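In what follows, a single structure is set out as structure tokens and then discussed.
The values are calculated or read from the model by the stated rules, or taken from the named source; none is laboratory data. Source: prediction; values computed, not measured. Here the Cβ positions follow ideal geometry from the backbone for every residue, glycine too, while neighbour counts run over all protein chains shown.
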Amino acid sequence: MGAQLIDGKAIAAAKRQAMKTRIESMKAQGFVPGLAVILVGENPASMSYVKGKIRDCKEVGIYSELIRFPETVTEERLLAEIDKLNEDKTIHGILVQLPLPSQISEQKVIQAIRPEKDVDGFHPINVGRLVTKQEGFVSCTPAGIIEMLKAIDVPVAGKHVVVVGRSNIVGKPASLLFLNLDATVTICHSKTKPLSKYTQQADILVAAVGREALIHAEDIKPGAIVIDVGMNRNAAGKLVGDVAFEEVKEKAGFITPVPGGVGPMTRVMLLENTLLAADRQNK
Ligand code: GUN
């Protein structure tokens with residue numbers, strides 16, 4: 001294998017370890033950071049994500065509340081719950097697991113969360129703060145990608161970063177983060193033709209589309225840093241990314257595995273954002 005693996009699992013574990021110490025000293029001063037997670041319905045993927053988030057909180061010592069609603073819950077009821085959590089002094093971060101059922105407007109729900117408690121970084125106020133390079137909250141996956149690059153000591157300034165995917169959760173905020181770090185950024189999407197013309201120019205390639213084997217060895221520049229955000233099930237039911245890992249790893253300089261790459265970083269950044277929210281609200 002040519003590329004060095006970026007071990008997101010190990011980087012995230014080290015971050016959690018450091019957080020434990022930080023939280024212990026917060027607690028010694030009588031202050032406990034708290035996260036509320038709202039889950040609507042019984043989508044198996046959402047249930048599994050939420051379980052992981054609650055488990056992570058327990059591990060590092062963050063107080064967490066899981067609030068569950070049936071699939072049939074009204075928008076009004078959900079918004080009332082968010083209002084309550086906005087006022088709750090023991091809760092510093094609020095996360096509503098997406099997707100939500102069709103009777104509920106995701107944008108209304110996101111915008112009901114106080115921006116200071118929006119640890120997902122989805123509120124338009126926080127998105128605007130990212131655009132204008134102000135202090136706010138950045139969504140967890142893009143923030144985790146930057147932390148991974150920091151962990152392997154890769155400077156971003158002046159690099160050509162190609163982001164494939166333009167979602168509100170990953171592609172757009174990742175592009176803005178890289179831009180704020182003085183990278184030259186190209187954003188590609190489903191209408192980009194030919195995709196490989198752009199991906200081949202990337203010093204850092206971020207694949208965040210959700211399609212198995214979208215990126216092959218011929219699509220990258222030798223020695224590129226390849227960040228795979230994809231989480232797809234292949235025909236055998238195995239979790240795979242957007243990158244054809246076996247062939248790309250022979251040509252890349254660094255590559256993230258799936259699983260064990262970006263996923264654990266996303267999870268740990270939620271804890272980081274919760275601590276950040278708690279610190280800011282405790283001032
Ligand atoms: N559903 C899939 N990813 C996410 C995420 O990062 N945050 C929330 N709230 N829901 C999600």
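Structural remarks
- From the list Leu149, Leu181, Leu176, Leu195, the one residue that fits, being over 16 Å from Gly121 (Cβ atoms), modelled with pLDDT of 95 or more and within 15 Å of the chain's Cα centre (by Cα), is Leu149.
- Ala3 being under 21 Å from Val138 (Cα atoms) and in contact (Cβ under 8 Å) with a residue 60 or more places away in the chain: no
- If only residues of the stretch 84-114 that are within 15 Å of the ligand (Cβ to nearest atom) and assigned to a helix (DSSP H, G or I) are counted, the one that is surrounded by the fewest Cβ atoms within 10 Å (Cβ to Cβ) is Gln107.
- Test for Pro124: is it in contact with a strand residue (DSSP E or B) (Cβ under 8 Å, 6 or more places away or on another chain) and not assigned by TED's automatic domain parsing to the domain that holds Gly223: no
- Residue within the stretch 68-79 that is within 14 Å of the ligand (Cβ to nearest atom) and in a loop (DSSP other than H, G, I, E, B) present: no
- Within the stretch 46-78, the residues that satisfy the criterion of being within 30 Å of Ser25 (Cα to Cα) and free of Cβ contacts under 8 Å to residues at least 12 places away in the same chain are Lys51, Arg55, Lys58.
- With respect to (1) outside any helix (DSSP H, G or I); (2) touching a Pro at 6+ places or on another chain (Cβ under 9 Å); (3) surrounded by fewer than 19 Cβ atoms within 10 Å (Cβ to Cβ), the lone exception for Asp279 is condition (1).
- Wholly within the stretch 135-238, strands (runs of 3 or more DSSP E) carrying at least 1 residues that are surrounded by fewer than 20 Cβ atoms within 10 Å (Cβ to Cβ) and in contact with a helix residue (DSSP H, G or I) (Cβ under 6 Å, 6 or more places away or on another chain): 184-188
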